[in-house]
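Here the structure is laid out as C-alpha cells; the discussion comes afterwards.
The values are calculated or read from the model by the stated rules, or taken from the named source; none is laboratory data. A quick note: this is a predicted structure, and the numbers were derived from the prediction, not measured. Using ideal geometry, Cβ is built from the backbone for each residue, glycine included, and neighbour counts are taken over all protein chains shown. Surface areas here come from the heavy atoms of the whole protein model, side chains and all, with no ligands, DNA or RNA. Shrake-Rupley method; radii C 1.70, N 1.55, O 1.52, S 1.80 Å.
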Amino acid sequence: MFVLKRVLSAVPQSTSLCVSHFSACYCLKTSRKSSPYSSVDSERYSSLVKSVMSSRVSSQTPETLQAEDEHIYGPVVKAQTPTKQEKREPKTLHPFLNYEETVETEEPESSGPPARISLNRDQGRSFVPSVTRILQQTLSSEQIFYLERWKRRMVAELGEEGFKQHSQNLFRQGKLLHSALEDILTSGVAWKDTSSSETPEYPADVQGYLQSISHILEDVSAVRAIESTVQHGTLNYLGIVDCVARYRGVLCVIDWKTSEKPKPFLSNTYDNPVQVAAYAGALNSDGNYKYQVENGLIVVAYKDGSPAHAHQLSSELMLEYWKTWLLRLEEFTENR
C-alpha cells in the first residue's frame with residue numbers, strides 16, 4: 001500500500017495511470033467536474049447548520065422576549081415571567097344545562113321577534129359581577145405578561161396619547177359594528193336574500209367588517225336574541241350576549257369580535273371561548289329564555305374586508321370551557 005502511494009504521487013498531473021494489479025482495472029484521471037458547492041462560504045454554512053441543529057424549539061420564550069424588550073424599551077415594571085400552572089378541576093361542577101328545560105332540535109314555527117333584555121342595575125343587579133369583569137380580574141400570569149408586553153410595544157410606537165386614541169377607536173368601531181349587526185339581524189330578511197340596493201349605508205368604519213363577515217351572515221338564521229342580558233342566579237354573575245341564532249342549522253351563542261391581526265385558530269381568541277361558555281351557561285339557567293343552548297360560535301371580523309374566521313364550539317368543547325369558567329369564577333369569589 002505504501003509503495004502504491006509513492007507511485008501515485010510520482011505520476012505527473014497531465015497523465016493517467018491504469019492500475020492493473022487488482023481484480024479490476026481502476027484508472028485515475030485528472031479531469032474533474034466542478035462541484036456546485038465549491039463557491040459556498042463553508043464557514044458561514046457550517047455556522048448555519050450548527051445553529052439550526054442546536055435549536056430543537058423556538059428560541060422565542062418569555063425569558064428571551066423579556067430580555068429583548070428590556071434592551072429595546074427599558075426594564076419591565078409590572079410584567080412577570082409566566083409560570084406553568086397545574087391543571088385543576090372546579091370544586092363544584094355546576095351543571096351547564098338546565099335539565100328542566102328541553103333542548104330544542106327544531107325551530108318553532110312562530111318564535112316572535114328576537115329577545116333584547118336590557119341591563120338594568122337598579123333591579124337587584126348592582127352587586128352582580130359581569131363575565132367581562134370576572135375574566136379581567138382572573139387573568140393568568142402568562143396572559144398578563146403578554147398583554148402588558150403588547151401594551152408597552154404599542155405605547156413605544158404610538159405614545160401614551162396615541163395608544164389611548166387607538167384603543168378608543170377600536171372600542172367605537174366595535175360598537176358601530178354591533179349596532180349594524182343588530183339592524184341587519186332584526187330586519188327579518190336573510191342576508192343572502194338582500195341585494196346591494198336594499199342594503200343601507202353603514203358608517204365607513206364598519207363597511208370593511210361587514211364585508212368580512214358577509215359569508216358568515218349567509219348561514220345565520222332564526223335569531224332568538226340580540227344584545228340581551230343573561231344572568232345565572234345560582235352562580236351570581238351576568239353578561240350580555242351578542243346574539244343567539246342558528247348557524248348552519250345549529251343553535252349557538254354567537255360572539256362577534258374584531259381584530260387587526262388574523263386569528264385563524266381558536267387558540268388565537270384567548271379567553272373568548274370561556275366568555276361564550278359563561279354566557280351560554282347563564283342563558284340556560286335564566287328563566288327569561290325558554291330554550292337551552294349547547295353550542296357556540298366566535299366570529300372574528302377584519303377591517304380590511306378579508307374573510308372573517310368562524311370558530312365553532314361544539315357541545316363537548318363548551319363543557320370543557322364551562323369548567324374553565326367555573327375555575328375562574330371560584331378564583332374571583334375567593335379574591336373578593
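Annotations for the structure displayed:
- Extreme residue, surrounded by the most Cβ atoms within 10 Å (Cβ to Cβ), among residues of the stretch 230-271 that are among the aliphatic types (A, V, I, L, M) and farther than 17 Å from R133 by Cα: V253
- Residues (of a type in the set (A, V, I, L, M) and within 30 Å of P203 (Cα to Cα)) located in the stretch 303-336: A308, A310
- The residues of the stretch 218-229 that are open to solvent by 30 Å² or more (accessible area, probe 1.4 Å) and aliphatic (A, V, I, L, M) amount to a single one, A222.
- Cross-chain or 6+ apart pairs with Cβ under 8 Å, the stretch 169-182 first and free of Cβ contacts under 8 Å to residues at least 40 places away in the same chain, then of a type in the set (D, E, K, R): R172/D205; L176/D205
- Matching residues, the stretch 272-301, being open to solvent by less than 10 Å² (accessible area, probe 1.4 Å), in a strand (DSSP E or B) and touching a Ser or Thr at 6+ places or on another chain (Cβ under 7 Å): I298, V300, A301
- Some residue of the stretch 246-254 being closer than 20 Å to L139 by Cβ and either out of contact with any Phe, Trp or Tyr (no Cβ under 6 Å at 6 or more places or on another chain) or modelled with pLDDT of 95 or more (or both): no
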